[in-house]
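So the structure is just underneath, and the comments pick up after that.
Computed from the coordinates by the stated procedures, all read-outs in this text should not be read as laboratory data. In this text, all values refer to a predicted model and were calculated from it rather than measured experimentally. With ideal geometry, Cβ positions are generated from the backbone for all residues, glycine too; neighbour counts draw on all protein chains shown.
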């Protein structure tokens, strides 16, 4: 199964509570920190919520 490397590129300041909770659920807490998650529909949906804040690379 493929993996996604998700990097937080923009600040969570002035985002909605849903976007902040989604970023925290993905494990993104600080700018330029990366996490690797399995490429599932759930993960893709979470990335879609914070797409304007993150950079995604398929591995």
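The C-beta contact set for the stretch 27-49 (first residue surrounded by 11 or more Cβ atoms within 10 Å (Cβ to Cβ), second residue assigned to a loop (DSSP other than H, G, I, E, B), distance under 6 angstrom, 6+ apart or interchain) comprises 35/27; 39/2.
Flag set for residue 57, criterion: touching a strand residue (DSSP E or B) at 6+ places or on another chain (Cβ under 8 Å) and touching a residue at least 40 places away in the same chain (Cβ under 8 Å). Considering (1) assigned to a strand (DSSP E or B); (2) touching a helix residue (DSSP H, G or I) at 6+ places or on another chain (Cβ under 8 Å), the lone condition that residue 18 does not fulfil carries the number (1). Could you list, in sequence order, the residues of the stretch 30-43 that are part of a loop (DSSP other than H, G, I, E, B) and in contact with a strand residue (DSSP E or B) (Cβ under 8 Å, 6 or more places away or on another chain)? 30, 31, 32, 33, 39, listed by residue number.
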